[in-house]
Amino acid sequence: MSLPCGIRNYSYATDTAIIRTKTQWTLFIVFLLIVFTFPFYFPRFWLDVMNLIGITTIAIIGLNILVGYCGQLSIGHAGFMAVGAYTTAILAGSYHMPFLLALLLSGVSAGLIGLLFGIPSMRVKGFYLAITTIAAQFIIIWVANHWTDVTRGSMGLGVEAASIGPLIFDTEASQFFLIISITVLCVLFATNLARSRIGRAFIAVRDNDLAAKVMGINVFAFKLLAFFLGCFFAGIAGSLFAQWRGHITPEDFTFSQSILYIGILIIGGLGTSIGPIIGTVFIRLLEQCVTLLAPLVERSLPGIPSGFATGLSPMIFGLIMVLFLVLEPKGLAHRWNLFKASYRMWPFSY
Amino acid sequence: MKKHRTFTAIILVTVAAFVFTFAAGCASQTPAGKLDSQKQLKIGCSICFTGTAAEKGQPIGQGELDAWKYINDELGGVDGNKIEIVWYDTGYNAAIATTNVKKLMDDGCLFFTIVSSYDATASKEAANKAGFPALVIFSSPSLTNPPAHIYSQLPDYGDDWAAFTNYYLKNIWKGPGKPKMALEILSNSTGYGVRDAAKVAAADLGVDIVTIEEHKTTTLSETDALTRIKEKNPDILFIGSTPAPTSVILKNAYQLKLIPGMTVACGHAGFTKALIDLSGKQISNDVYGVFPTVNWGDNVPGMAKMDEYCKKLHPQYVGNNDYLCGWSASLINAEIIRQALKNSTLDVLTSGDSVAWKAGEEKGFRMVKGYDVEGLHGPVDFSDPVDRRGSKSVKIFQIQQGEMVPLTGWVDAPYIKYE
Amino acid sequence: MEQLLQYTITGLAVGMIYALIALGFALIWKSSRVANLALGQLVLISSWFTYGILVQAHFPVWAGMIMTILFAIFLGWAIERFTLRPLIGQPTLSLIAVTLGLGYFLEGIVIVVWPISVAKLPVLFPQDPINIGSAVISQEYVWAAGISLALFILLSLFFKFHKMGIAMRAAADDQLAIQACAVPINRIFSLSWIFACIVAATGGVLISSIGGITSALIETGFKSFSVVILGGMDSFIGCMVAGPLIGLCENIGAGYLTSIIGPGIKDLIPFVIIILVMLFKPYGLFGEERIERI
């Protein structure tokens, strides 16, 4: 369906490939090449922003599996990220575990905690389920604040720079390679997951869980799996966040962040593989742009009342969010698909 | 179709805006519109103008920026060098606070200031890793322990507690044995700073911490916590919080008749004009407070200028001691630059990378000895090898008829060793 | 025993205030299935507006209250007209995200118009404490509790007996069906937002007369989520029961558990209770159980 005219599939393998035409391959490779050369011409700050985008993308991919594909609303994603971040900080910090192993274990630990809070999904749905995830958020942060023997409470834990063998990722540029590589892997994994039996089962559960049950899908098991996978990604993101930041405290993972993550996902587009990426890039860049804007406004318009420039940032941020949603309620991914379609069909769009 | 077009238009405008700010962001790395020969010193400010802590960030941040206006416009800069101020709002958002540090590094700042302990905690590691020195205005013990490249302007929240405890033992406590103390703290670094200090130093100073209660910034009633505190019958209640929750706690303490009778002390984050505004005139002599600066309107050399600028530029903050903290932060910055210029060269300081930061720290920060901040707060000294607190002194205040009346001169807060 | 009485009374009073905020949430949910994430910001902006009218413009209290209500009505109408109406018929989650953006926008407005950061409303209620047995409570809380109870009764009566109220309930049930019955759905949504804003404004004034106006009010809005969900999202009576219930659990639970588990347990108790409730009553205490068909 999403193929240009005149291309046919002659084998099952070509039919199921994600990237199918030569043009797509070229574009994909060129895109990756461009992305991976960013460190050579971007200053520290933008690299850091891109690292943050990469980390957030991974978290949102997890949220997308949970909310977008499986339809289980979670407003506690920052909490699950905290689990991953603390696992890395403790394992890599106190036990000097190699980074990759700590990364994986962070994912698993966050996944297991997610599983625990996913149990009410057996009976609860929609917004009623959201409360258990909100509870997860608050309980996890409370534990991080009060289990001071392990987490050192508000003092926080220092995290050493990640290293794989002789490679040490302690500069913005090297972190960029690490984070973006893992992000690409996560995107691939999630994209393929969504097309697999599991992904289709998730969608069935989301669309109508009763019907899914009738069709022989173990609804509860798949909901739990969605919780595990979604939180696994959150854990990975948290782990990368910890080593990106170098220091974590319970206050890094706030409830308002969890809510923002939901916002990012919705703006990007639920249940699509490109949505989380577009949404994250959009919101994170917007966030930075409004931050840069406030001093710019004050400098270029001397004499404006105090508070105007600073208040402008959240105002514009909110306004653009509202405008985009009003004009594109199906998410930016939908617009992206329209764009692709019109490009493919051009110049005969009928 | 119309909707389609509007959408495309908005996308284009947004993208244009992105590109514009991006370009502006990159452009500000090189001094735009300035002669290359005229090198400009840059100082960064990371301020939480918006977000949950805007109640603190606004007055402090505006105080900082106003002081720079004063230094640049009226004094002609520091030793004839005008200082360019690069400021960004953190929105009390940990992620933005972190990336702001990198932006300030890219912008070629010599060092930077952070307003809140929350933002500072987020910025800490990025700054320490790069050796990019920072001055934190309101800090908590976790920032300066272990010592690295973060300096605190004022004694931290833990020091408040220690200084008051010392004062209490010397001047108020009459009974035999150890006084019993209860802590009612905010559940974030503001409050936990007090808790951490109390855990480490209570035994040494000679008080018993009988109970610790926590509250949130949103609290509407602390009657339950105070009921439990009442049961333990402590001699002192120490509140480590911001003005709004502190006023709720005080109000409830009156209702429960804890006051008059028990000594109540507030840490400096909560002990401002806002506290008195919020709690009304009913506060009696039992409420003490710790604050690291002089009162607004006191007769000290720096007061007149600050008052003048505040009335002119931000009249809503007149009388707000937070503004005073921000103002004095910039005076200290100017002093650091003065020292740096004296001990290093402008070329090095404007080179805008780790060489400049190192010079800024070693030739600037560390050379500041006994600077009086025009009398606005205790003398600032950054030369101690481990103690990263600039001013180590606080004043003990008492609320008398709705006014904060200083009871002491500068009292030194003991240096607490963590771990 | 003395303490128990104190905990109970404080818990009930504070809980009623939670319930009031939660009511604003339930109003919108009940008629349009939108979770209003900008609730805290609505509370914040109306508190500041009241401050502007009473303190900055020196209006008398009664006139200030009327103007606050008018402002809330305008706010509710404007929000619905400009952000939510264009989204009618779109996925609900998009509507929820719009309220998130709206929250940022309102927060920005507050900072632009009132860059004061923290302020106190003039004293609206007598502050002398009342003694009930050995327990003591400030009159402010009693007033706040009374007002939220009154608002709750008014709203319930409206939804029960007024034609528009019945139409609003119907709209929540089936938007298509009600449009087919020639009920103007736009007006219903508009009205529900207006009501919600009035409730939020009332809540804002009550809360900030107790604790002052700070940006922390935004988080107070979040607190209502737990109340609403515990009560059942579409139930007023649920809010009115769940609010005090959460207040009680917080106070009594914290009263006896703090010494065992540690400080700060107060903030955790409501959530633990909610999870337990969810396991046994998945639709909240008073939520409507939906019978599903394939």
statement: Within the range C:71-96, the count of residues that are closer than 25 Å to A:PHE127 by Cα and within 20 Å of the chain's Cα centre (by Cα) comes to 6
query: Restricting attention to the range B:113-124, does a residue exist that is within 12 Å of chain A (Cβ to nearest Cβ), part of a helix (DSSP H, G or I), surrounded by fewer than 24 Cβ atoms within 10 Å (Cβ to Cβ) and not aromatic (Phe, Trp, Tyr)?
result: no
- prompt: Quick check: anything in the range A:44-64 farther than 30 Å from B:GLY352 by Cβ, at pLDDT below 90, within 14 Å of another protein chain (Cβ to nearest Cβ) and assigned to a helix (DSSP H, G or I)?
  reply: no
query: Among the residues of the range B:79-93, is any β-branched (Val, Ile, Thr), more than 7 Å from every other protein chain (Cβ to nearest Cβ), assigned to a helix (DSSP H, G or I) and closer than 24 Å to C:ILE111 by Cα?
result: no
- request: Filter the range C:250-268 for residues that are more than 9 Å from chain B (Cβ to nearest Cβ) and crowded, with 20+ Cβ neighbours inside 10 Å and give the result.
  value: C:GLY253, C:LEU268
- line: If we keep only residues of the range C:110-127 that are in contact with a strand residue (DSSP E or B) (Cβ under 8 Å, 6 or more places away or on another chain) and in a loop (DSSP other than H, G, I, E, B), then the residue farthest from the other protein chains (Cβ to nearest Cβ) is C:LEU121
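Among the residues of the range B:57-110, what is the count of those that are hydroxyl-bearing (Ser, Thr, Tyr) and in contact (Cβ under 8 Å) with a residue 60 or more places away in the chain? Explain how you work it out, then say what you get.
Within the range B:57-110, the first condition is being hydroxyl-bearing (Ser, Thr, Tyr), and the residues that meet it are B:70, B:88, B:90, B:92, B:98-99.
Narrowing the set further to residues that are in contact (Cβ under 8 Å) with a residue 60 or more places away in the chain leaves B:70.
Looking only at that region, the number is 1.
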- request: Sort out for me the helices (runs of 4 or more DSSP H) sitting completely within the range C:1-105 that have 3 or more residues that are within 10 Å of another protein chain (Cβ to nearest Cβ).
  value: C:2-32
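Which residue is nearest to the other protein chains (Cβ to nearest Cβ), if the candidates are limited to the range A:19-41 and must be outside any helix (DSSP H, G or I) and within 23 Å of the chain's Cα centre (by Cα)?
In this case the residue turns out to be A:THR37.
Could you name every one of the helices (runs of 4 or more DSSP H) located completely within the range A:172-249 that has at least 2 residues being in contact (Cβ under 8 Å) with a residue 40 or more places away in the chain and closer than 24 Å to A:LEU47 by Cα? If you could, list the steps in order and put the result at the bottom.
Details: elements: A:172-195, A:197-207, A:209-214, A:219-245.
Output list reads A:172-195, A:219-245.
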statement: Taking the range A:296-311 and keeping only residues that are assigned to a helix (DSSP H, G or I) and crowded, with 22+ Cβ neighbours inside 10 Å, one is left with A:ALA309, A:THR310, A:GLY311
- prompt: When you scan the range B:211-306 for helices (runs of 4 or more DSSP H) that lie fully inside it, which ones turn up with 3 or more residues that are hydroxyl-bearing (Ser, Thr, Tyr)?
  reply: B:243-255
message: Could you list, ordered by first residue, the pairs with Cβ atoms under 7 Å in which the first is in the range C:234-254 and at pLDDT below 85 and the second is of a type in the set (Lys, Arg), at least 6 apart or interchain?
response: C:ASP234/C:LYS30; C:GLU250/C:LYS266; C:ALA254/C:LYS266
message: Considering only residues that are within 23 Å of B:ALA225 (Cβ to Cβ), within 15 Å of the chain's Cα centre (by Cα) and charged (D, E, K, R), which ones fall in the range B:141-196?
response: B:ASP160
message: When you scan the range B:347-363, do you find a residue that is surrounded by 17 or more Cβ atoms within 10 Å (Cβ to Cβ) and within 20 Å of the chain's Cα centre (by Cα), even just one?
response: yes
- prompt: Given the conditions (1) within 13 Å of another protein chain (Cβ to nearest Cβ); (2) in a loop (DSSP other than H, G, I, E, B); (3) of a type in the set (Phe, Trp, Tyr), which single one is not true for B:PHE138?
  reply: (1)
task: Could you run through the range B:221-239 and say how many residues are at pLDDT below 90 and touching a Leu at 6+ places or on another chain (Cβ under 8 Å)?
output: 5
statement: Out of (1) crowded, with 24+ Cβ neighbours inside 10 Å; (2) closer than 30 Å to A:PRO305 by Cβ, the one C:ARG81 does not meet is (1)
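The values are calculated or read from the model by the stated rules, or taken from the named source; none is laboratory data. Since the structure is predicted, the reported quantities are computational estimates derived from the model, not experimental observations. Every residue, glycine as well, gets a Cβ built from its backbone with ideal geometry; the counts of neighbours run over all protein chains shown.
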